[in-house]
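Student: Here it is, the structure, as structure tokens.
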Amino acid sequence: MAQDSRLIDNGPVSDNLDVEGLTSPHFCTHPSLQTCGLTLAKKNFVGIGFGPIQSALFLLEAFESGHFDSLVVAEVDPNVVGAVRRSGGTYRINVAEPDRIDSQMVEGLEILNPAETCDQGQLVTAIASADEIATALPSVDFYGRGSPSPGALLAAGIEQRLLAKTIRPLVIYAAENHNHAAERLRDLVHSHLPSVASDGLDIHVQFVNTVIGKMSGVVTGPDQIEQSGLQMLTESAGPAVLVEQFNRILIETITLPDFEPGLTVFQQREDLLPFEEAKLYGHNAAHALMGYLAHLRGLQFMSDVRKDDLRRIVEQGFLVESGKPLCERHHGVDKLFTESGWKAYVQDLLHRMTNPYLRDRVDRVIRDPQRKLGWNDRLIGTMRMAMQYGVEPHNYAMGAAAAVQLLLDQRATENLVTLLHELWGGDEGTTDLHDPVISLIRQALGTIERSPRRP
């Protein structure tokens, strides 16, 4: 499930952003704040973005761990910021168990809006004194967006701590759905740092990639909130955050000396790439396949798939077209990449994807088909991987064709090749699989067109 943070673009990135200015103190008289200064705590957590992954994973785990004396989060939606402040820093999230929905509460959160000058100063101070930070943005593209951007804010706080000779180690978790999110964020932060501070970046700060298989979303519809008995984010304002009960999160091994994580639930792996590929070419690919085929069937919720025969199509694609190549590629890395391990992974995920208490909407899953049809993304990337290992990806071709059909309907065009070239945008690299991929999608489109669509 793609991240759904509301830390969004506040305007064009300024090439002349005064990062040094962000390190100086700012003072204000905001009604919910006594001062723009933050009291230093023994262990501090900062979140960038306040979507469901941040609110219902990182902040929730940080709060429940009892290891953090301060919780700070950056959010640009003024309505959300105001609601959390009026609630005294308390918010609720909803957790879909296999047989019910529970609610959990987080208290003591300080929420800051980086679009406000006063809050910028506080946020930089919080970053400067943080022990652990998590970015949870819609994509890695958001690292450099906004004025100031998340990358510039992080750089300002890190510059402040390095110039102050704060040698306490800092770990920054990059929770965006990208195999090299941490490297991208580190390079952007480095580009904002003056040379006097940049030398200490890799000595005292580690940017960590993550594999987050937790399905989550934001529910805004009043009818669904009421029917499901969901708790709104705060008593005075929605929306409702609904996530599945799952916190088996994998992260890169933390190598900073003398670092003791406050977030202890995460499982460290020396080589994260195999698990990142299992997430993208397995979990994400099967989820997209299910969503686009469910859309063709006229289904409203992913849980409706439990009563539909398309589950077998998704299962076959997940087991064979994802599983065989990945188990061959990463044989010996982990039990996951064995026949029995992969089968258990598939069955568990198919059950979780269709959890009726999660009420995952099909229209949410199928959004942004342009990205999901990218040459290296979940549908086309999985097809290419399968073909490289001698597996014909007919099931994923059906998912790709359903996504293509959605775009063709929206754009009122019938030129399949032109559309795919536009989506791939020169990212094809080696094109030896170019024609075979298009051929499979064309065949699948023919099958879709001959099948009656359900309203």
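Every read-out reported here was derived from the displayed coordinates using simple, explicitly stated rules and does not represent laboratory data. What you see is a predicted model; the values in this text were computed from it and never measured. In this analysis, Cβ positions are derived from the backbone assuming ideal geometry, glycine residues included, and neighbour counts consider all displayed protein chains.
Student: What is the calculated FRET efficiency for S236 to R371, with r their C-beta to C-beta distance and R₀ = 41 Å, to the nearest 0.05?
Tutor: Working: r = 34 Å, r/R0 = 0.84.
So the FRET efficiency works out to roughly 0.75.
Student: Of F63, L326, Q224, which is farthest towards the positive pole of the chain's charge dipole, taken about the Cα centre with +1 and -1 on the beta-carbons of Lys, Arg and Asp, Glu respectively?
Tutor: So the residue we want is Q224.
Student: For D69 and E328 in one chain, what is 0.36 nm times their gap in residues minus the Cα-Cα distance, to one decimal in nm? Write down the numbers at each step before the final one.
Tutor: Numbers: separation 259, 0.36 × 259 = 93.24 nm, distance 4.56 nm.
Once the chain is fully extended between D69 and E328, it gains 88.7 nm.
Student: Return the loop-located GluC sites (Glu not before Pro) in segment 94-149 (DSSP other than H, G, I, E, B) with at most 12 other Cβ atoms within 10 Å of their own Cβ; answer none if there are none.
Tutor: Values: sites: E107, E110, E116, E132; in loops: E107, E116.
Those that pass, being in a loop and sparsely packed, are E107.
Student: If R0 is 22 Å, what FRET efficiency do you get for E270 and A344 from their C-beta distance, rounded to 0.05?
Tutor: 0.45
Student: Next question, about the same structure. So for the pair Q316, Q245, with labels modelled 7 Å out along Cα→Cβ, what separation do we get in nm?
Tutor: Modelled inter-label distance: 3.4 nm.
Student: Now, a different point. Non-local amide H neighbours of F301 (under 5 Å, H modeled in plane, Pro and chain starts lacking H): which ones?
Tutor: V362
Student: What is the distance in Å between the Cα centroid of segment 125-186 and that of segment 59-84?
Tutor: 16 Å
Student: Using the Cα centre of the chain as the reference point, and only Cβ charges (+1 on K/R, -1 on D/E), how large is the resulting charge dipole? Debye, rounded to the nearest 20. Each step should come with its number before you reach the end.
Tutor: On the way: 40 positive and 59 negative charges, 220 e Å.
Around 1060 debye, computed over the chain.
Student: Mind checking the full-extension length gain between S439 and D77? Use 0.36 nm per residue of separation minus the Cα-Cα distance, one decimal, nm.
Tutor: On the way: separation 362, 0.36 × 362 = 130.32 nm, distance 4.44 nm.
Here the segment from S439 to D77 would lengthen by 125.9 nm.
Student: Once phi is turned into θ = phi - 60°, what whole-Hz ³J(HN,Hα) does the Karplus curve with 6.51, -1.76 and 1.60 give for every residue of segment 344-360, x standing for Gly and Pro?
Tutor: 5, 4, 5, 5, 5, 5, 4, 5, 5, 4, 10, 4, x, 7, 6, 6, 6
Student: Same structure again: For a quick check: with amide H placed at 1.01 Å from N, whose amide H comes under 5 Å from R269's, ignoring anything fewer than 5 positions away on the same chain?
Tutor: Residues meeting the criterion, in which the H sits 1.01 Å from N, are I251, E252, T253.
Student: OK, next. Quick check: pseudo-label points 7 Å beyond the Cα along Cα→Cβ at F259 and D223, how many nm apart are they?
Tutor: About 4.8 nm separates the two model spin labels.
Student: Sticking with this one: Taking R0 as 22 Å, what's the FRET efficiency between N179 and S139 from their Cβ-Cβ distance, rounded to 0.05?
Tutor: Working: r = 13 Å, r/R0 = 0.58.
Once rounded, the FRET efficiency stands at 0.95.
Student: Just from its helices, what would the mean residue ellipticity at 222 nm be for the chain, if runs of 4 or more DSSP H residues each count -39500 (n - 2.57) and the sum is divided by every residue, rounded to the nearest 500 deg cm²/dmol?
Tutor: Numbers: 20 runs with 182 residues, N = 455.
That calculation yields -11500 deg cm²/dmol at 222 nm.
Student: If you take Cα Rg over 2.2 N^0.38 Å from the coordinates, which of (1) 1.06; (2) 0.96; (3) 1.00 do you get?
Tutor: Read-out taken from this structure: (3).
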